[in-house]
1. For region 1-31, name all the residues that are in contact (Cβ under 8 Å) with a residue 60 or more places away in the chain and either in contact with a helix residue (DSSP H, G or I) (Cβ under 6 Å, 6 or more places away or on another chain) or hydrophobic (A, V, I, L, M, F, W, C) (or both).
2. Out of region 2-29, which residues are aromatic (F, W, Y) and closer than 21 Å to P160 by Cα?
3. State all residues of region 5-28 that are part of a loop (DSSP other than H, G, I, E, B) and either touching a strand residue (DSSP E or B) at 6+ places or on another chain (Cβ under 9 Å) or modelled with pLDDT under 95 (or both); if no residue qualifies, say none.
4. Inside region 127-147, can you point out the residues that are aliphatic (A, V, I, L, M) and touching a helix residue (DSSP H, G or I) at 6+ places or on another chain (Cβ under 6 Å)?
5. Taking A72 and the conditions (1) outside any loop (DSSP other than H, G, I, E, B); (2) assigned by TED's automatic domain parsing to the domain that holds P179; (3) hydrophobic (A, V, I, L, M, F, W, C); (4) over 27 Å from W3 (Cα atoms), which numbered condition does it fall short on, given that it satisfies the others?
6. When you check L141 against the structure, is it aliphatic (A, V, I, L, M), within 18 Å of F165 (Cα to Cα) and not assigned by TED's automatic domain parsing to the domain that holds I38, yes or no?
7. When region 29-59 is examined, which residues are found to be part of a loop (DSSP other than H, G, I, E, B), out of contact with any Gly (no Cβ under 9 Å at 6 or more places or on another chain) and under 20 Å from K129 (Cβ atoms)?
Amino acid sequence: MNWTPPPPRWDTLAGKALDSFFAAVHKAMPDYDKPLTIFGSAPIQLCLDEDFASADVDIMVLEGGEKLRQIAAEAGLGRAGTIRSAFGVQICPPLLFNPTPHYLQRAHTEVRHGLMIIVPHLRDILIAKLHRSRVEGQESLIPKDRRAFQRVRELSGGHPTLPEFLQDLVNCEASFRPPHDGGLNSFRFNAENALLEIYGHRLDLKRDILDPAAIATQPPGQPPAGFIAEHLKGLGK
């Protein structure tokens, strides 16, 4: 069953801070035409729970970051802003937001104050949280990420369900590969923790991720890997 979260509410605390920022950007840069993508925990507050707060309202931008930070600071909306410290606007580069590859296909988009605003689907918001770097000795999800999963599922009738979450993880198969620098794969450990702590499911990497990903990327009509070798072996007996 498809699950579509409610549209964002701009009358929430984070929504008001964002709307003030959008208005300030439009006034200072009326020709700015790049999308502004809201991520982190703010979409949970905007779409589901007006009391779900975070330290920052994260906005991913493609370019003009320094100018946008200056506008936020001048409007009292920066991380040390005067409007409400809990909702300081933080301008972030694209590398800090890592949802599923197809997130734009199900994101909410709208124009506010002449700007294109993107609010990703909450499934992508949760997936992106799994990229959070882990600290030495960490053995579980950090509390605020666990709370995000629990709150979204509580207010969405159990969505994302286990099959939905596993499908999103399959679509992020590349993120399960060992890092090039030989470091810790935080995404894999966070995914394992989320599956166990939220769904009671113990990850089997081959069964849950690698095999479904291999099948999904197989060209139509092509036999599965090993099919020909197995049949040739049988003919040789």
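The values are calculated or read from the model by the stated rules, or taken from the named source; none is laboratory data. No experiment lies behind these values; they were computed from the predicted model shown. Counting neighbours? That spans all protein chains shown, and the Cβs are built from the backbone with ideal geometry, glycine included.
1. Within region 1-31, W3, P5, P8, W10, L13, A14, A17, L18, F21, F22, A23, V25 qualify.
2. The one that is aromatic (F, W, Y) and closer than 21 Å to P160 by Cα: W3.
3. Within region 5-28, the subset part of a loop (DSSP other than H, G, I, E, B) is 5-12.
Selection gives P5, P7, P8, W10, T12.
4. So the first thing to find is which residues in region 127-147 are aliphatic (A, V, I, L, M), and the list is 127-128, 130, 135, 141-142.
Within region 127-147, I127, L130, L141 meet the criteria.
5. It fails just one condition, (2).
6. Values: aliphatic (A, V, I, L, M): yes; within 18 Å of F165 (Cα to Cα): yes; not assigned by TED's automatic domain parsing to the domain that holds I38: yes.
Against the criterion (aliphatic (A, V, I, L, M), within 18 Å of F165 (Cα to Cα) and not assigned by TED's automatic domain parsing to the domain that holds I38), L141 qualifies.
7. The answer is G40, S41, L48, D49, D51, F52, A53.
Results for (1) within 28 Å of N2 (Cβ to Cβ); (2) over 19 Å from the mean Cα position of the chain (by Cα); (3) modelled with pLDDT of 95 or more; (4) outside any helix (DSSP H, G or I), shown as yes or no for each residue.
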{"position": "I125", "(1), (2), (3), (4)": "yes, no, yes, no"}
{"position": "A128", "(1), (2), (3), (4)": "yes, no, yes, no"}
{"position": "H131", "(1), (2), (3), (4)": "yes, no, yes, yes"}
{"position": "E154", "(1), (2), (3), (4)": "yes, no, yes, no"}
{"position": "G158", "(1), (2), (3), (4)": "yes, no, yes, yes"}
{"position": "P179", "(1), (2), (3), (4)": "no, yes, no, yes"}
{"position": "P219", "(1), (2), (3), (4)": "yes, yes, no, yes"}
{"position": "A229", "(1), (2), (3), (4)": "no, yes, no, no"}
